[in-house]
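Okay, structure first, notes after.
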Amino acid sequence: MAITHAHVTFILEAAAQGHLPQASHAMLEFGEQNWYGDVAVGELPRIAAFFGRDPAFVEWVGQQSLLLGGRERRFDVAKLFYQIVFGIREYLAVDLHGTSASMKHDLNIPIELPRQFDLTTNFGTAEHIFNQAQFFKTMHEATTSGGLMFHSLPNQGCYDHGFYNYHPTFIFDLAEANSYKLLMFSYLDGTERPGKLVPITSRESYIRIAVEERLARYSGLMFLARKTSAAPFVFPQQAFYSDSLSPDLATAWREMDR
């Protein structure tokens, strides 16, 4: 579980589109992330400048990046990145194998948290949790109304990486059932280096990629959603079976290779 070039690119694009708050008071990470290394630590001052941070802060980031160059400090690099891009004041992670910054808890079962959080992240953790319903319910309940949820999920390939791969219908149906506002949604072609992000603007846009046989053998899905209400979590029903797809999409669903 690590922050890669694709995650950095996605978050920078979210900032460019104005989706990130100026300061996120509290961040909860499901699965404590480290810094993968395909973005050099020395790039962090430039990223801080991109976010318009105070020059003194940018200089401090440069000093920190020199101190955090070793692999043993990769978790610290990830937290420095979060401080730059999210302006976090408080950080907590839930991870059975994390550092001292993590609560040790099995996410297959409910968790009692000290509070709700303005920003929650799942950068490659959900697929390792067998109890999917509980995981996404937990993340929903941990996020404040109006808060942001970042997800990064495997789509194709990733053989034996975790228990599950995910498809766009999962994301669209989850969002619709719980009134999440999908702010950004991207398909990641992981066969390219660095990974290529392709915006998914609708169910139709992904079907178009599939019909045109442009799906990669190794791919992921990234999305950013805003929780718009304090309503309890709702288990989604797949759109095809709830008859909520358009006729064209329903036809494509029937005719696509399985």
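Can you name every residue in region 235-251 that is surrounded by 14 or more Cβ atoms within 10 Å (Cβ to Cβ) and either of a type in the set (V, I, T) or assigned to a loop (DSSP other than H, G, I, E, B) (or both)? Can you show your working first?
Within region 235-251, the subset surrounded by 14 or more Cβ atoms within 10 Å (Cβ to Cβ) is 236, 238-240, 244-245, 249-250.
P236, Q238, A239, F240, S244, L245 - these are the residues of region 235-251 that are surrounded by 14 or more Cβ atoms within 10 Å (Cβ to Cβ) and either of a type in the set (V, I, T) or assigned to a loop (DSSP other than H, G, I, E, B) (or both).
In this structure, is E13 among the acidic types (D, E), outside any helix (DSSP H, G or I) and surrounded by 16 or more Cβ atoms within 10 Å (Cβ to Cβ)? Before the answer, list the steps.
Numbers: among the acidic types (D, E): yes; outside any helix (DSSP H, G or I): no; surrounded by 16 or more Cβ atoms within 10 Å (Cβ to Cβ): yes.
Criteria not met by E13.
When you scan region 36-48, how many residues do you find that are over 13 Å from Q83 (Cα atoms) and more than 22 Å from the chain's Cα centre (by Cα)? If you could, list the steps in order and put the result at the bottom.
Residues of region 36-48 that are over 13 Å from Q83 (Cα atoms), as a first pass: 36-43, 46.
Subsequent filtering for residues that are more than 22 Å from the chain's Cα centre (by Cα) retains 42, 46.
Matching residues across region 36-48 total 2.
Are any of the residues in region 36-52 under 17 Å from S152 (Cβ atoms), in contact with a helix residue (DSSP H, G or I) (Cβ under 7 Å, 6 or more places away or on another chain), touching a residue at least 24 places away in the same chain (Cβ under 8 Å) and surrounded by 14 or more Cβ atoms within 10 Å (Cβ to Cβ)?
Within region 36-52, one or more residues are under 17 Å from S152 (Cβ atoms), in contact with a helix residue (DSSP H, G or I) (Cβ under 7 Å, 6 or more places away or on another chain), touching a residue at least 24 places away in the same chain (Cβ under 8 Å) and surrounded by 14 or more Cβ atoms within 10 Å (Cβ to Cβ).
Each row is one residue, and each column tells you yes or no for (1) assigned to a helix (DSSP H, G or I); (2) under 24 Å from R226 (Cα atoms).
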{"residue": "E59", "(1), (2)": "yes, no"}
{"residue": "G62", "(1), (2)": "yes, no"}
{"residue": "K79", "(1), (2)": "yes, yes"}
{"residue": "I84", "(1), (2)": "yes, yes"}
{"residue": "R89", "(1), (2)": "no, yes"}
{"residue": "L92", "(1), (2)": "no, yes"}
{"residue": "L107", "(1), (2)": "no, yes"}
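What's the number of the only condition in (1) surrounded by fewer than 19 Cβ atoms within 10 Å (Cβ to Cβ); (2) within 21 Å of the chain's Cα centre (by Cα); (3) under 22 Å from L197 (Cβ atoms) that Q33 fails to meet?
The number of the failed condition is (1).
Every number here is computed from the coordinates shown, using simple stated rules; none is lab data. From a predicted model like this one, the values you see are computed outputs, not experimental measurements. Backbone-built Cβ (ideal geometry, glycine too); neighbour counts: all protein chains shown.
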